[in-house]
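One structure is given below, encoded as structure tokens.
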Amino acid sequence: MTGKRFVKEAAKSERNLFALSLGVTGLFFILIMRLWYLQIIKAEDYQNLSENNRLRLVPVAAPRGTILDRNGKLMIWNRPSFSVVLFKQDVKDKDLLLGQLIKYLELDRRELYEKWNKSRGRAKYYPITVASGITQDQLEFLEENRLNLPGVDLQMKPIREYAEGGTAVHLAGYIGEISEQDLAREEFSGYNSGDYIGKNGLERVWERDLHGVDGGRLMEVDARGRVLRTVTETVPTIGNSLVLTLDKTIQERAEQALGAKAGAAVALDVRTGEILAFASSPVFAPELFSARIPKKIWDGYLEDVRRPLINKVLTGQYPPGSTFKIITALAGLEEGLIDEHTTVPCNGSYTVGNRTFHCWQRHGHGAVNLKMALKQSCDVYFYHLADRLGVDRIAKYARKYRLGIPTGIGLEHEKPGLIPTTEWKEKKYKQKWARGETISVGIGQGYVLMTPLQLASMTASVANGGTVYRPYVVKKVVDQEGKVLREFKPEVMGVAGISERSLALVRSGLQAVVNEPGGTGGASRLAEVMVAGKTGTSQVVKLRSGKGNPYQFRDHALFVAFAPVENPEIAVAVVVEHGEHGGSAAAPVAKAIFRAYFEGKGVIKKPVARQGRYSSNRGGDVEPEEQSDSEGE
């Protein structure tokens, strides 16, 4: 019995041992399979999770290249600014943290949550920029409460610094924070959230040169966000700099002379097409666009009837008024319809059919020849001439100076102006051209439109004998060490093909406009340099201009000029919106520009500095001048 019982017990033990062995083997198999799953199948996921928990990427923005004038004077450079960024991996209570930032940094709730939500596809160690250009008070608050704001960090980024009051801001443009839409575009590959990019002007067109290449640091941090070590670091590459054709002194003098008036002033080198001054007025504060612009200021810009955000040099299209008489005169001379002896009786009006067109001088100018007609801006003389020429022949000569098409300066949003023809009206309005419309075109009214840049280009071409240069504003691109990467030269766009005799007769009339008694442009006269020019006044509405009219209904004032007459170097065009008379409103601005240019060359002695002279009040840069004869069409 004992033996049998022993055998049974042994068999039972073997069965139990086998079951135990089987259980242990199964457990080990499960453990091995789990290890295999974790270390092989999920290895990459857990590695990423581990890295996300201990790594922090800190982009280092590249300083933008500077912008300098032709003489190496700084116009736009950089200064440090602080941005607020979030690292999602360190944020424990999203709503609590975002609520604190909204309260203390005065951020927009909807915009902040949008930035958070749009970052979902990125690694948790990738920073989200939630505020740029914070104030000193906000900076101090964040530093004091850093331990209570987990996931919040500060990053220093260079932003633009401008000369006092801003210089050539409409030309240079401004920078702003890159949008999510821009980040998704191929054009901005390599850019980071929170980067600043050019939004318009030169900053936009030359973005790739100016921006440089961002660097960055990949740092290991502990659970409290403290930096343990730098894993990798890439040094940023500073952007290239632009050397402009502008002369900063001339530019500032043009802006001061325009003052708070709405308008534009352009100065060109007639021998090259280089732009020496590019002023649109009034100006705006470009530094405000680097951060969220205050609503009150933004609304003020939008409601200002002077339109400070508009680049009037490129996009302002104005009837050129009597400045267009230069084209009408050249057309008449080249077509053999007039010469220097041809006279026209001006009794104050000219009748076509049942319409009567008045001269600005109601009582008339008497018998006038070409020189007198230009000097006194006699409308009746040019009514007669335009009527004989017809609109298509006038347009033919305007096209020789490349009017009615963009100049090709290479900046965005340039307007083409308009030179009408019979074909153009038939195509646009399905109507035949009326004879009376030609009368208006002959004195730069009606459908004719030109930008201030086109006015300056036309004047430069008349001054230099007929060569039409492409206006350009970037002289060269240089790297951070000053090495020239690209340099730009004058480019001839066409030759007008006007005879020297015709040009000489017109120039003689323009010289009389400024320098002879009765000329309408006497306010631009200089004792040291002979200036030639043409005043203009263009109607805004079919009302007579006057101080009783509302501002927006008053005529525009224009003036174009070049100097010196004997060997032209510089051409200027000025438009003062609603300034009423070119001789009194626009010509003094041109005089200020000429004075600055010839002072720089030593031809005119610089005045001794005194209180109020050439001050920064942006309005008092011209000496008192004898009143010119008034003019209007």
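On the basis of being modelled with pLDDT of 80 or more, of a type in the set (D, E, K, R) and loosely packed, with under 13 Cβ neighbours inside 10 Å, does GLU180 make the cut? Yes, satisfied.
In the stretch 225-254, the residues that are at positive phi form Cβ pairs under 8 Å with partners that are part of a strand (DSSP E or B) and surrounded by 14 or more Cβ atoms within 10 Å (Cβ to Cβ), at six or more places apart or across chains, as follows: GLY225/ARG56; GLY225/ASP153.
Being within 37 Å of the chain's Cα centre (by Cα), buried (at least 16 other Cβ atoms within 10 Å of the Cβ), in the same structural domain as VAL352 (by TED's automatic domain parsing) and modelled with pLDDT under 95 is true for just one of GLY417, GLY410, GLY404. Which residue is that? Working first, answer last.
Working: GLY417 fails: modelled with pLDDT under 95; GLY404 fails: modelled with pLDDT under 95.
Going through GLY417, GLY410, GLY404 in turn, just one is within 37 Å of the chain's Cα centre (by Cα), buried (at least 16 other Cβ atoms within 10 Å of the Cβ), in the same structural domain as VAL352 (by TED's automatic domain parsing) and modelled with pLDDT under 95: GLY410.
Considering each residue of the stretch 566-573 in turn, none proves to be in contact with a Lys or Arg (Cβ under 7 Å, 6 or more places away or on another chain) and without any contact (Cβ under 8 Å) to a residue 60 or more places away in the chain. Would you call ALA291 assigned by TED's automatic domain parsing to the domain that holds VAL474, out of contact with any helix residue (DSSP H, G or I) (no Cβ under 7 Å at 6 or more places or on another chain) and in contact (Cβ under 8 Å) with a residue 60 or more places away in the chain? Judged against the criteria, ALA291 is a match. Considering the stretch 287-308 alone, what residues qualify as being within 18 Å of ALA262 (Cα to Cα) and surrounded by 15 or more Cβ atoms within 10 Å (Cβ to Cβ)? Result: TYR301, ARG306, ARG307, PRO308. Does GLY151 qualify as being out of contact with any helix residue (DSSP H, G or I) (no Cβ under 7 Å at 6 or more places or on another chain), at pLDDT below 90 and of a type in the set (Gly, Ala, Ser)? Criteria not met by GLY151.
Listed here are the strands (runs of 3 or more DSSP E) enclosed by the stretch 109-222 that have at least 2 residues being over 20 Å from GLU412 (Cα atoms) and in the same structural domain as GLU233 (by TED's automatic domain parsing): 128-131, 152-162, 215-221. Cβ-Cβ contacts under 9 Å between residues 6 or more apart (or on different chains), taken from a first residue in the stretch 510-525 that is in the same structural domain as VAL462 (by TED's automatic domain parsing) and more than 14 Å from LYS325 (Cβ to Cβ) to a second residue that is among the aromatic types (Phe, Trp, Tyr) and surrounded by 20 or more Cβ atoms within 10 Å (Cβ to Cβ), are listed as ALA523/PHE559; SER524/PHE559; SER524/PHE594. The single condition among (1) touching a residue at least 24 places away in the same chain (Cβ under 8 Å); (2) within 24 Å of ARG217 (Cα to Cα); (3) in contact with an Asp or Glu (Cβ under 7 Å, 6 or more places away or on another chain) that PHE188 does not satisfy is (1).
Given the criteria surrounded by fewer than 18 Cβ atoms within 10 Å (Cβ to Cβ), touching a Gly at 6+ places or on another chain (Cβ under 6 Å) and not in a helix (DSSP H, G or I), does PRO517 qualify? Taking the combined requirement at face value, the residue does not satisfy it.
Return the only residue of MET493, MET458 being aliphatic (A, V, I, L, M), in contact (Cβ under 8 Å) with a residue 24 or more places away in the chain and closer than 15 Å to ALA395 by Cα.
Working: MET493 fails: closer than 15 Å to ALA395 by Cα.
Result: MET458 is the single residue among MET493, MET458 that is aliphatic (A, V, I, L, M), in contact (Cβ under 8 Å) with a residue 24 or more places away in the chain and closer than 15 Å to ALA395 by Cα.
What about ARG229, is it surrounded by fewer than 18 Cβ atoms within 10 Å (Cβ to Cβ) and basic (Lys, Arg)?
On the way: surrounded by fewer than 18 Cβ atoms within 10 Å (Cβ to Cβ): yes; basic (Lys, Arg): yes.
The answer is yes for ARG229.
Does GLY444 satisfy being surrounded by fewer than 23 Cβ atoms within 10 Å (Cβ to Cβ), touching a residue at least 12 places away in the same chain (Cβ under 8 Å), in a loop (DSSP other than H, G, I, E, B) and not charged (D, E, K, R)? Taking the combined requirement at face value, the residue does not satisfy it.
When you scan the stretch 496-506, do you find a residue that is assigned to a helix (DSSP H, G or I), among the charged types (D, E, K, R) and either modelled with pLDDT of 95 or more or closer than 25 Å to ARG595 by Cα (or both), even just one?
Taking the stretch 496-506 first, the residues assigned to a helix (DSSP H, G or I) are 500-506.
From what is left, the residues that are among the charged types (D, E, K, R) are 500-501.
From what's left, either modelled with pLDDT of 95 or more or closer than 25 Å to ARG595 by Cα (or both): 500-501.
For the stretch 496-506, residues assigned to a helix (DSSP H, G or I), among the charged types (D, E, K, R) and either modelled with pLDDT of 95 or more or closer than 25 Å to ARG595 by Cα (or both): present.
Close Cβ contacts (under 8 Å, 6 or more residues apart or on different chains) running from residues in the stretch 92-117 that are over 13 Å from GLY151 (Cβ atoms) to residues that are β-branched (Val, Ile, Thr) and assigned to a helix (DSSP H, G or I) comprise ASP108/ILE102; ARG109/ILE102; LEU112/ILE102.
Scanning the stretch 588-633 for residues that are at pLDDT below 95 and of a type in the set (A, V, I, L, M, F, W, C) yields VAL603, ILE604, VAL608, ALA609, VAL622.
The values are calculated or read from the model by the stated rules, or taken from the named source; none is laboratory data. Predicted model, so just to flag it, every value in this text is computed and none were measured. Reconstructed Cβ throughout: ideal geometry from the backbone, glycine too, with neighbour counts over all protein chains shown.
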